[in-house]
Amino acid sequence: MTAGMPLLGSLAHADGKTSTSERAEAVARVVRGIVSYTRWPDGRASLRMCVLGPTEYADELLANASRDVGHKKMEVVRITIEFAQEALPACDGLYLGY
């Protein structure tokens, strides 16, 4: 899942006329779409998406930090570089910002 995340920044910059909040909503839709489409290896009812680094378009994801995505609940949490080594094992997906 992590491999697809760098593409989101490119998608968000495709239209220079789009506002930051509209881009954030579009990025959130793409992330939720990827998560809902992904086939996860176990039968857990929830997933944890971690947001790492400075992010320009993750506000919508973080504002709706717990949301149903497909048949799972997705929890979104921000982690910091200082604690990433401890936090990453609990992450099912990773949104890398810029």
> Pairs, please: C-beta under 6 Å, at least 6 apart or cross-chain, first residue part of a helix (DSSP H, G or I) and in region 16-28, second among the small types (Gly, Ala, Ser) and modelled with pLDDT under 90?
Replying inline: 23/12; 27/12
> Can you tell me which residues in region 88-98 are under 21 Å from residue 46 (Cβ atoms) and either aliphatic (A, V, I, L, M) or open to solvent by less than 100 Å² (accessible area, probe 1.4 Å) (or both)?
Replying inline: 88, 90, 91, 92, 93, 94, 95
> Within region 76-87, is even one residue surrounded by 15 or more Cβ atoms within 10 Å (Cβ to Cβ), acidic (Asp, Glu) and either touching a Lys or Arg at 6+ places or on another chain (Cβ under 7 Å) or at pLDDT 85 or above (or both)?
Replying inline: no
>> Residues that are modelled with pLDDT of 85 or more, surrounded by fewer than 18 Cβ atoms within 10 Å (Cβ to Cβ) and hydroxyl-bearing (Ser, Thr, Tyr): does region 48-64 have at least one?
In response: no
> Going through region 55-98 one residue at a time, which ones are hydroxyl-bearing (Ser, Thr, Tyr) and either in contact with a Gly (Cβ under 8 Å, 6 or more places away or on another chain) or not in a loop (DSSP other than H, G, I, E, B) (or both)?
Replying inline: 55, 57, 66, 95, 98
>> Which numbered condition in (1) open to solvent by less than 30 Å² (accessible area, probe 1.4 Å); (2) modelled with pLDDT of 85 or more; (3) out of contact with any Phe, Trp or Tyr (no Cβ under 6 Å at 6 or more places or on another chain) is the only one that residue 24 fails?
In response: (3)
> How many of the residues in region 65-75 are open to solvent by less than 20 Å² (accessible area, probe 1.4 Å) and without any contact (Cβ under 8 Å) to a residue 12 or more places away in the chain?
Replying inline: 0
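The values are calculated or read from the model by the stated rules, or taken from the named source; none is laboratory data. Keep in mind that this is a model prediction, so the values were computed, not measured. All Cβ positions, even for glycine, are placed from backbone atoms using ideal geometry, and neighbour counts span all protein chains on display. Surface accessibility is based on the protein's heavy atoms, side chains included, excluding ligands, DNA and RNA. Shrake-Rupley method; radii C 1.70, N 1.55, O 1.52, S 1.80 Å.
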